[in-house]
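Single-structure report; data block below.
The values are calculated or read from the model by the stated rules, or taken from the named source; none is laboratory data. Predicted model only: the values in this text are computed from it and were never measured. So basically every Cβ, Gly included, is an ideal-geometry build from the backbone, and we count neighbours across all protein chains shown. Note: areas computed on protein heavy atoms with side chains; ligands, DNA, RNA excluded. Shrake-Rupley method; radii C 1.70, N 1.55, O 1.52, S 1.80 Å.
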Amino acid sequence: MPAAIYLLSLCIFAMATSEFMVAGMMPSLAAAFHASLADVGNLVSAFAASVVVGGPLLTWRLRAVRRKPALLGLLAVFLAGQLIGATADGYPQMLASRIVCGVAQSAFFGVALALAGELVGMDRIARAAGLVLNGLMLASVAGLPMATLLDQYWGWRPAFWLVAALVGLAMLGIAAAAPAGDKPVGQEAGEEWRALARPALWAAYLSSGLIIGAVFAAFTYLAPLLLRVSGFSPAMVPLLFGVYGAATVLGNLVTGRLADRHTRRVLQGGILTLLLVMLALALGAQWQALAVAGVCLLGLAGLPMNPAMVARVVRAGGTGPMVNSLHMAVINLGLMFGAWAGGLCLDAGWGLRAPLWLGAALALLALLSLGLDRSGYSWRTTASSPGLPR
């Protein structure tokens with residue numbers, strides 16, 4: 001794989017660490033800004049909302065810019081947002097930091113995956129996407145714990161400064177090693193708009209949103225389930241999350257290698273596994289051995305479907321940044337919906353197993369949604385698919 005693929009993964013790692021780390025330092029931020037935990041929670045929501053709304057708009061504005069300058073510009077915007085957060089002396093500045101970073105991150109994902117497609121071609125797009133998105137997985141395994149430890153021992157600001165330094169390092173790497181890419185032409189914008197009108201693409205978007213919604217309906221409330229239903233001690237929960245994160249990284253590497261040639265089978269097998277895991281945990285989470293197995297399988301078969309989801313999307317709609325940025329927006333919508341709807345289940349008094357039943361229902365819908373695509377675009381493995389570069 002080209003060196004630029006690994007640099008893009010480093011960029012995603014830094015950005016995703018910035019997104020996740022606020023959840024690990026909520027008490028510190030609440031105390032620093034004299035805000036409630038709910039207000040600090042809104043910082044997470046603001047980041048996700050800016051990914052959904054602002055990212056595609058910024059991507060559209062960058063449609064005529066070469067990939068490398070676009071990536072460097074977006075990294076500069078993200079770095080500015082991160083510095084606003086690192087130097088924030090009040091809640092409004094931190095909120096502005098989260099919005100700026102969210103917009104830049106979403107647009108960066110779209111341009112990065114478009115460049116990855118140009119560098120490796122359609123026959124290896126899923127593997128390249130898996131490597132790029134491995135930065136996202138590593139952020140949950142290493143980035144979030146690292147930021148949480150920094151917050152506990154030295155306060156929350158060093159974590160923001162460290163991420164800013166990582167972004168600056170990534171900028172230097174992209175500037176030195178990434179190719180400029182071909183200059184987009186006016187015809188490409190029209191091709192993207194035609195791609196966005198294809199039912200096959202929206203079927204792929206729907207599946208992605210439902211898959212991520214199912215994962216986060218369960219994952220968001222996994223800690224209280226493990227504590228109160230499975231009976232694990234508080235000291236065991238971080239270890240189990242570490243196992244989950246390691247399984248996620250491993251699963252992402254495996255699916256990245258398989259998804260180019262077996263996109264449909266990877267999605268079908270992953271969703272079916274997700275469905276069975278949700279049902280097994282909903283019925284048997286009280287048994288610790290089953291809970292551990294469920295955590296491992298949730299890590300292997302949940303988020304690691306990302307490379308297959310990306311492969312399906314680019315084969316339905318091409319490698320354009322807008323197609324990929326909208327995909328990232330849909331994924332974040334699924335994340336927000338899964339976590340929100342799972343919380344509603346708990347607020348309704350249905351118990352800690354209720355989010356698992358919700359996740360199972362969303363996984364079933366995701367499995368059924370694979371049948372909505374009758375065009376065949378999403379499952380082809382060559383660059384001859386309509387809308388793709390030949």
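The table for this structure:
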| item | result |
| --- | --- |
| Complete set of residues in segment 136-147 that are open to solvent by less than 10 Å² (accessible area, probe 1.4 Å) and farther than 9 Å from THR17 by Cβ | MET137 |
| Subset of segment 340-372 that is of a type in the set (Phe, Trp, Tyr) and not in a loop (DSSP other than H, G, I, E, B) - its residue that is most open to solvent (accessible area, probe 1.4 Å) | TRP340 |
| Residue within segment 29-36 that is outside any helix (DSSP H, G or I), open to solvent by less than 30 Å² (accessible area, probe 1.4 Å) and out of contact with any strand residue (DSSP E or B) (no Cβ under 6 Å at 6 or more places or on another chain) present | yes |
| Any hit, segment 326-339, residues being touching a Pro at 6+ places or on another chain (Cβ under 7 Å), touching a residue at least 12 places away in the same chain (Cβ under 8 Å) and either within 23 Å of MET236 (Cα to Cα) or assigned to a helix (DSSP H, G or I) (or both) | yes |
| Filtered residues of segment 65-85 (kept if open to solvent by 30 Å² or more (accessible area, probe 1.4 Å) and either of a type in the set (S, T, N, Q) or touching a helix residue (DSSP H, G or I) at 6+ places or on another chain (Cβ under 8 Å) (or both)) | VAL65, LYS68, LEU72, ALA76, VAL77, LEU79, ALA80, LEU83, ILE84 |
| Matching residues in segment 83-139 - criterion: being modelled with pLDDT under 85 and touching a Phe, Trp or Tyr at 6+ places or on another chain (Cβ under 6 Å) | GLY135, LEU138, ALA139 |
| Leading residue by the ranking (most open to solvent (accessible area, probe 1.4 Å)) among those in segment 219-260 that are over 30 Å from ALA126 (Cα atoms) and of a type in the set (Gly, Ala, Ser) | ALA235 |
| Segment 95-117 - residue that is under 17 Å from ASN42 (Cβ atoms) and touching a Leu at 6+ places or on another chain (Cβ under 6 Å) and, of those, most open to solvent (accessible area, probe 1.4 Å) | VAL103 |
| Filtered residue count, segment 37-64, keeping only those that are surrounded by fewer than 22 Cβ atoms within 10 Å (Cβ to Cβ) and of a type in the set (S, T, N, Q) | 2 |
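Table: residues versus (1) closer than 30 Å to LEU362 by Cβ; (2) modelled with pLDDT under 85; (3) out of contact with any strand residue (DSSP E or B) (no Cβ under 6 Å at 6 or more places or on another chain); (4) of a type outside the set (Lys, Arg).
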site: PRO158; (1), (2), (3), (4): no, no, yes, yes
site: TRP161; (1), (2), (3), (4): no, no, yes, yes
site: PRO179; (1), (2), (3), (4): no, yes, yes, yes
site: GLU192; (1), (2), (3), (4): yes, yes, yes, yes
site: GLY213; (1), (2), (3), (4): yes, no, yes, yes
site: TYR221; (1), (2), (3), (4): yes, no, yes, yes
site: VAL237; (1), (2), (3), (4): yes, yes, yes, yes
